[in-house]
1. Before we move on, is residue 76 more than 13 Å from residue 22 (Cβ to Cβ) and outside the structural domain of residue 27 (by TED's automatic domain parsing)?
2. Mind listing whichever residues of region 35-60 are at pLDDT 90 or above, surrounded by 19 or more Cβ atoms within 10 Å (Cβ to Cβ) and within 14 Å of residue 99 (Cα to Cα)?
3. Looking only at region 157-173, decide whether some residue is modelled with pLDDT under 80 and in the same structural domain as residue 59 (by TED's automatic domain parsing).
4. Of all the residues that make up region 12-34, how many are surrounded by fewer than 12 Cβ atoms within 10 Å (Cβ to Cβ) and at pLDDT below 85?
5. Counting only residues that are out of contact with any helix residue (DSSP H, G or I) (no Cβ under 8 Å at 6 or more places or on another chain) and either assigned by TED's automatic domain parsing to the domain that holds residue 91 or under 27 Å from residue 70 (Cβ atoms) (or both), how many does region 120-136 have?
């Protein structure tokens with residue numbers, strides 16, 4: 001398949017950007033069904049080339065201007081640190097680790113979704129904080145941006161308290177309180 005891309009490149013000249021992409025086969029298939037990775041150059045000069053973690057990455061990346069990856073597909077483990085001094089650690093598959101090392105040593109390599117920005121996507125509390133910070137950009141009559149409802153449990157004791165809450169009763173009490181407030185404001 002890559003030979004076809006190389007023939008296409010020679011025909012086009014250098015008025016293009018080669019985008020190499022790596023993701024699990026099922027995701028690649030889904031994107032392809034939607035036409036996300038066309039086999040021919042796009043109108044804006046992008047050519048998409050699949051990369052394989054089964055082959056040496058460095059030789060494949062010599063042909064690529066931009067790397068698009070779905071590193072979360074290749075996560076083997078995540079170590080969460082409770083210290084702000086020690087970073088959280090994500091362990092990727094061997095092939096994704098090779099890509100990560102290559103990118104770290106090639107400053108000219110353009111990566112969509114840098115590896116050091118992957119962890120926040122895994123942490124729901126960080127996602128909530130990011131989304132809450134975007135609420136100030138809400139525009140009337142447009143879709144609203146809001147953070148998800150989320151509770152972080154810090155200790156087993158907190159979890160036991162959380163597990164004992166009757167959420168139906170809590171919701172009923174909250175609705176009654178809101179109804180009373182609304183009724184009082186109408187009078």
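1. The answer is no for residue 76.
2. Once the filter is applied, which keeps residues that are at pLDDT 90 or above, surrounded by 19 or more Cβ atoms within 10 Å (Cβ to Cβ) and within 14 Å of residue 99 (Cα to Cα), region 35-60 yields 51, 60.
3. Checking region 157-173: not a single residue is modelled with pLDDT under 80 and in the same structural domain as residue 59 (by TED's automatic domain parsing).
4. Total satisfying the criteria: 3.
5. Within region 120-136, residues that are out of contact with any helix residue (DSSP H, G or I) (no Cβ under 8 Å at 6 or more places or on another chain) and either assigned by TED's automatic domain parsing to the domain that holds residue 91 or under 27 Å from residue 70 (Cβ atoms) (or both) number 9.
The values are calculated or read from the model by the stated rules, or taken from the named source; none is laboratory data. Small disclaimer: the values here were computed from a predicted structure and weren't measured. Here the Cβ is made from the backbone with ideal geometry for all residues, glycine too, and neighbour counts use every protein chain on show.
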